Amino acid sequence: MPGYTLTHLKQLEAESIHIIREVAAEFERPVLLYSIGKDSSVLLHLARKAFYPGRLPFPLLHVDTTWKFRDMIAFRDRIARELDLDLIVYTNEEGRAANVTPFTYGSRKYTDIMKTQALKDALDKYGFDACFGGARRDEEKSRAKERVYSVRDRNHRWDPKSQRPELWNLYNGRINPGEEVRVFPLSNWTELDVWQYVYLENIEIVPLYLAAERPVVERDGTLIMVDDDRMELEPGEEPTMRSVRFRTLGCYPLSGAIESEAATLPEIIQEMLIATHSERQGRVIDYDTSGSMEQKKREGYF
Amino acid sequence: MATSAQELIASDIHAYLAQHERKEILKFLTCGSVDDGKSTLIGRLLHDSKMIYEDQLDAIVRDSKTTGTQRGGVDYALLTDGLQAEREQGITIDVAYRYFSTTKRKFIIADTPGHEQYTRNMATGASTCDLAVILIDARRGVLPQTRRHTYIARLLGIRHLVAAVNKMDTVDYDEGVFDAIRADYFAFTSKLGIDEMHFIPISALHGDNVVEQSPNMPWYQGATLMHLLENVQVAADKDIEHFRLPVQVVNRPDPSFRGYSGSVAGGVVRSGDEVVVVPSGRRSTVDRIVTMDGDLDEAFAPMAVTLTLTDDVDVSRGDVLAAPGGLPYIADRLDAMVVWMADDALVPGRQYIVKHGTRQVVGHAATLRYRVDVNTLQHEAATQLELNEIGRVEVALTESIAFDAYGANRDLGSLIFIDRISNVTVGAGMAFDPGGSIAQAAWDRTPHGELHAAVSRVAADERAARLGQHPVTVLLTGLAKVGKTVIAHAVERKLFDAGGLATVLDGQSFRLGMSRDLGFSPEERSENIRRAAETARLINDAGLICLTSFVAPEEAVRERARRAIGEDRFLEVYLTAPLAVLKDRDEDGLYAAAERGEAPHVPGVTEDFDEPVAPDLTLETERLGVDACAERIIELLRGKDFIN
């Protein structure tokens with residue numbers, strides 16, 4: 001008998017598909033939280049595999065803060081069209097009307113209103129009871145203990161004490177009305193796994209992940225791309241063209257770029273493996289305090 | 001990552017990726033308490049395999065100065081401690097998963113902390129692991145908790161154990177210390193049936209024998225921990241014989257396609273294979289194995305696929321597709337080892353949602369057969385299972401499920417209990433092989449072949465008219481020495497004298513012949529009662545009254561006997577007397593032996609006796625005496641019109 005074994009990526013893929021199918025079967029209104037990033041792209045790819053040859057049995061939800069990179073929005077709309085997806089775009093209109101921007105309110109408050117609050121409002125509006133997210137346990141220390149099914153109360157809050165033990169692949173999706181479960185099918189993937197899978201499966205990603213000449217300014221040691229003319233430059237700041245790429249994508253004023261020449265996936269992986277800084281360091285919101293991700297999770301952000 | 005890997009990344013990323021693409025995953029568990037150096041070991045593995053990024057290391061070096069326990073040095077344990085509150089308390093409080101990778105394998109570590117919630121957390125972590133690293137502090141040797149960890153790892157189906165004798169630096173790297181611990185531990189583990197056992201002397205703090213061979217222990221010629229983790233073979237643990245696919249989703253995008261999606265949970269399936277839909281038993285043939293990457297010729301665990309069948313058979317979520325020949329068991333009762341995980345204890349009778357495979361059914365613990373003392377591994381009687389306790393439970397479900405023994409198939413042998421109100425996962429169960437539990441197998445087993453009961457040409461009412469009585473089985477139940485058989489014979493005599501016809505089946509005589517192969521465990525007692533019930537049924541069919549005298553300590557078993565014989569011709573008479581009186585009558589020394597610990601299965605002393613919930617008659621034998629008891633039973637029979 002040949003050894004019936006799978007490579008680690010195929011094993012991760014199978015595990016994720018199992019989780020996605022289980023959620024689709026046991027919940028009434030699941031949704032895939034689509035952030036347009038590489039993890040979301042992998043998640044979407046796995047969800048399509050789970051239900052092939054059928055369509056996705058749930059919609060995608062993108063919480064649009066209105067400050068995403070233009071390339072991200074163009075990518076999102078094209079992918080939704082080409083793959084025949086049900087895409088819901090939600091923006092906190094109150095926040096938009098009040099002109100809540102990263103510049104006017106600071107990163108923390110802006111993120112809370114335009115991202116965290118917007119997400120909660122969208123979940124309430126559509127009554128979703130299960131939300132797929134692309135978070136991984138290797139991203140940050142506090143996530144090492146996150147369950148695959150993370151139960152949130154009526155206020156979408158995470159309570160570390162009410163999380164359920166998860167054994168085998170028997171996920172407990174029972175909730176009371178009004179509660180929801182955040183589901184993380186990529187829990188056991190690492191950043192390298194994601195990149196390699198993107199590479200092997202030819203998954204399309206936003207071009208911002210690849211190095212190119214882009215207009216950036218250096219602010220507090222972070223390279224910020226000037227993606228449109230809403231970016232308010234401080235005295236003395238002058239955008240310069242540099243070869244940069246992004247390790248994580250979010251709102252452009254909050255996403256730090258890194259200088260890089262890596263213009264292909266293998267080159268990105270090569271740089272990443274040699275890199276000495278962990279992935280989330282590119283995100284400005286993590287800098288608040290040690291353990292701030294933990295705080296955000298309790299508030300309802302992923 | 002080894003230096004060679006770093007070089008390969010720099011010089012030829014494509015070659016590195018090609019190498020990385022062929023890796024497999026090893027999931028392992030690390031067990032030990034706070035002081036065993038477990039977090040330090042994990043930090044060391046991550047550090048030495050270059051999985052710590054510089055910013056994380058900066059944070060650790062900074063934190064080591066404020067909260068670290070290694071004065072002056074880098075505290076690798078800080079690398080693995082997660083939640084803010086836990087860090088402040090200096091402990092970790094749940095299962096945390098760590099990831100690292102070498103050129104050979106990707107590793108997932110389930111890290112479970114050692115404190116009072118240990119059993120629950122360790123069971124959770126172990127449920128998905130293939131290997132466990134048991135940490136033993138060289139200064140303290142094999143502790144009760146070491147045995148506890150080992151037992152739980154084994155219970156959860158882990159077949160490969162590595163005993164890492166840590167802190168060898170604190171005992172001057174002494175070979176004698178290591179050998180003594182090895183001998184001590186081996187004496188214990190040899191009884192547990194572990195497939196593969198390794199011993200490694202290490203110092204997690206200094207890195208000895210973790211990744212690099214230790215220069216301090218030249219006497220140790222075996223593999224380093226890392227070498228072992230990279231090379232241990234776990235693929236053979238999988239069952240490739242018996243195909244199983246629990247259906248998760250019926251995929252029906254349009255009328256032309258109907259597929260059954262799920263993860264292969266055992267065996268291999270190929271297109272053209274015959275499959276059985278369990279539990280309905282319908283058969284069909286696999287047409288295609290569909291994936292987005294194209295159809296496959298074959299699929300095996302844990303692949304997630306979609307099967308189409310050649311026939312339009314009825315298949316829904318919760319069904320299992322299985323290969324004919326070696327089907328899973330189908331039953332609404334099963335025995336499981338249960339780890340209880342909630343503050344509210346498991347109480348027999350209380351209903352829970354049981355999730356098994358892709359099904360959820362309502363169920364309850366019909367019987368708590370025993371609790372396991374995880375320190376001594378002794379079985380002990382218990383009325384409920386508290387948080388972190390482990391016990392053998394007979395689970396009764398409202399619908400039949402298709403399952404395997406946990407030892408044969410983890411996916412089909414595992415189940416979780418969910419509280420109906422809080423929705424929290426409160427327990428985890430591992431099914432026993434019902435073939436191993438004789439009682440379970442025989443009560444529920446479907447007879448082999450196409451069998452039909454022949455119909456007698458003498459009708460029941462013809463017999464009743466001839467004999468002047470209606471047949472009935474009377475079960476006289478109660479503790480040993482309460483007077484069951486003596487009273488049964490007294491009733492038999494009285495009935496005979498009055499022109500009736502009865503016969504006595506007494507436990508001891510029955511065991512001399514019909515059940516001479518059975519002992520006194522709960523399973524064997526249950527099987528003994530099953531045989532007695534079947535015999536009584538035949539006696540009743542012949543028109544006779546059957547007086548049976550058996551201890552029959554379990555309510556659930558008596559209930560089964562009632563159902564087997566027939567509700568309308570079964571009477572339960574409960575005989576009682578003070579235990580002190582019974583011990584006085586103990587000529588053959590049964591109770592005395594039980595009290596000395598020499599007889600493990602004596603209801604009333606070493607095992608529970610379930611008092612009948614609704615007996616037709618209760619008689620205090622010491623107070624009434626034999627004749628009065630017999631008379632009361634005659635009255636009962638007359639009152640129910642079995643005799644005139």
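Of the residues B:Pro255, B:Ala187, B:Leu245, the one whose Cα sits farthest toward the positive end of the charge dipole of the stretch B:169-307, with +1 on the Cβ of Lys and Arg and -1 on the Cβ of Asp and Glu, is B:Pro255. Set the Förster distance to 25 Å, then compute FRET efficiency between B:Asp343 and A:Asn176 from the Cβ-Cβ distance, nearest 0.05. Here the calculated transfer efficiency is 0.85.
When you have a sec, figure out the Kirkwood radius of the stretch B:587-644 from all distinct Cα pair distances and drop it here in Å to one decimal? Intermediate results must be reported in sequence, preceding the final value.
On the way: mean 1/r = 0.0707 Å⁻¹.
Mean inverse Cα-Cα distance, inverted, gives 14.1 Å.
Other residues whose C-beta falls under 11 angstrom from the C-beta of B:Leu518 contribute a net charge of +1, scoring Lys and Arg +1 and Asp and Glu -1. Tell me, what is a quarter of the convex hull surface for the C-alpha atoms of the stretch B:464-549, in nm² with one decimal? For the Cα atoms of the stretch B:464-549, the hull's average projected area reads 5.5 nm².
Can you pull the semi-axes for the stretch A:22-92, root of five times each eigenvalue of the Cα gyration tensor, sorted largest first, whole Å? Walk me through the intermediate numbers first.
Values: eigenvalues 92, 38, 21 Å².
Semi-axes, largest first: 21, 14, 10 Å.
Given in Å, the Rg to one decimal and the Dmax to the nearest whole number for the Cα atoms of the stretch A:187-274 are 14.3, 46.
Give a quick list of trypsin sites (Lys or Arg not before Pro) in the stretch B:502-553 that DSSP marks as loop, anything other than H, G, I, E or B, with at most 13 other Cβ atoms within 10 Å. Working shown, then result.
Working: sites: B:Arg511, B:Arg516, B:Arg525, B:Arg530, B:Arg531, B:Arg537; in loops: B:Arg516.
Of the trypsin sites (Lys or Arg not before Pro), the ones in loops of the stretch B:502-553 whose Cβ has at most 13 other Cβ atoms within 10 Å are B:Arg516.
Across peptide B:339-347, the mean count of Cβ atoms from other chains lying within 10 Å of each residue's own Cβ comes to 1. In a DSSP loop and with at most 16 other Cβ atoms within 10 Å, the trypsin sites (Lys or Arg not before Pro) in the stretch B:600-644 are B:Lys640.
Our summary of shape: the Cα atoms of chain B have principal axis extents of 101, 69, 44 Å, ordered from largest down, in whole angstrom. With the simple model of a label 7 Å out from the Cα in the direction of the Cβ, B:Val581 to A:Arg154 spans 5.9 nm. With the convex hull drawn around the C-alpha atoms of the stretch B:169-292, the volume per residue stands at 192 Å³. Computed over the stretch A:130-254, the P(r) curve from all C-alpha pair distances, binned at 10 Å from the origin, holds 10, 30, 24, 24, 11, 1 percent per bin. Hey, got the average number of other protein chain Cβ atoms within 10 angstrom for residues in B:299-305? Whole-number average of other-chain Cβ neighbours for B:299-305 is 6.
For the stretch B:505-553, what mean projected area does the convex hull of the alpha carbons give, in nm²? Mind dumping the intermediate values first?
Details: hull surface 12.5 nm².
With the hull built on Cα positions only, its mean projection is 3.1 nm².
Note on the stretch A:41-176: semi-axes of the ellipsoid equivalent to its C-alpha gyration tensor, largest first and rounded to whole Å, are 26, 22, 15. Using every pair of distinct Cα positions in the stretch B:270-318, the Kirkwood expression returns a hydrodynamic radius of 11.5 angstrom. Counting GluC sites (Glu not before Pro) as exposed when in a DSSP loop with at most 16 other beta carbons within 10 Å, what is the longest stretch of chain B free of them? Between the exposed loop sites, the longest stretch runs B:242-385.
Overall, chain A carries a charge dipole of about 940 debye about its Cα centre when +1 sits on the Cβ of Lys and Arg and -1 on the Cβ of Asp and Glu, all other atoms neutral.
Here, the stretch B:247-362 yields an orientationally averaged convex hull projection of 9.1 nm² when only Cα atoms define the hull.
Calculated FRET efficiency, B:Leu512 to B:Thr376, Cβ-Cβ distance, R0 = 41 Å: about 0.70 to the nearest 0.05. Per the Kirkwood definition applied to all pairs of different Cα atoms, how many angstroms is the hydrodynamic radius of chain A? The Cα-based Kirkwood calculation yields 20.1 Å.
Can you tally the net charge around A:Ala212? Count Lys and Arg as +1, Asp and Glu as -1, for every other residue whose Cβ sits under 15 Å from the Cβ of A:Ala212. Charge balance in the 15 Å sphere: -2.
Tell me the mean residue ellipticity at 222 nm calculated for chain B from its helices only (DSSP H runs of n ≥ 4, each -39500 (n - 2.57), averaged over every residue, nearest 500).
Estimated from H runs of four or more residues: -8500 deg cm²/dmol.
Around the Cα centre of the stretch A:219-275, unit charges on the Cβ atoms of Lys, Arg, Asp and Glu (plus for the first two, minus for the last two) sum to a dipole of about 260 debye. Per residue of A:15-22, other chain Cβ atoms within 10 Å of the residue Cβ number 6 on average.
Calculate, in whole percent, how much of the Cα-Cα pair population of the stretch B:502-606 lies beyond 22 Å.
In whole percent, the share of Cα-Cα pairs in the stretch B:502-606 beyond 22 Å is 36.
To the nearest 10, the accessible area of B:Leu296 is 50 Å² with a 1.4 Å probe. From largest to smallest, what semi-axes in whole angstrom does the stretch B:393-550 give when each is the square root of 5 times an eigenvalue of its alpha carbon gyration tensor? Sorted largest first and rounded, they come to 39, 20, 16 Å. Sorted from greatest to least, the principal axis extents spanned by the alpha carbons of the stretch B:566-611 come out as 42, 20, 17 Å. The accessible surface of the stretch A:174-271, taken with every protein chain in place and a 1.4 Å probe, is 48 percent carbon and sulfur. The alpha carbons of the stretch A:163-217 occupy a box of 50, 28, 18 Å along the principal axes, longest dimension given first. The distance linking the stretch A:133-201 with the stretch A:53-95 is 22 Å (Cα centroid to Cα centroid, whole angstrom). Kirkwood radius and radius of gyration were both taken over the C-alpha atoms of the protein assembly as shown, and their ratio Rg/Rh is 1.05. Note on B:Lys167: lysines with a C-alpha under 17 Å away, same-chain residues under 8 apart excluded, are B:Lys38.
Taking the charge dipole of chain B about its Cα centre, with +1 at Lys and Arg Cβ atoms and -1 at Asp and Glu Cβ atoms, the residue from B:Thr124, B:Gly478, B:Val95 reaching farthest to the positive side is B:Gly478.
Net charge of the neighbourhood of B:Ala628, taken over other residues with C-beta under 11 Å away and scored Lys/Arg +1, Asp/Glu -1, is -2.
The values are calculated or read from the model by the stated rules, or taken from the named source; none is laboratory data. This one's a predicted model, so the numbers in the text were calculated from it and none came from an experiment. Cβ coordinates were reconstructed from backbone atoms using ideal geometry, including for glycine residues, and neighbour counts include every protein chain displayed. Accessible surface is based on the protein model in full, side chains and every heavy atom, while ligands, DNA and RNA are left aside. Shrake-Rupley method; radii C 1.70, N 1.55, O 1.52, S 1.80 Å.
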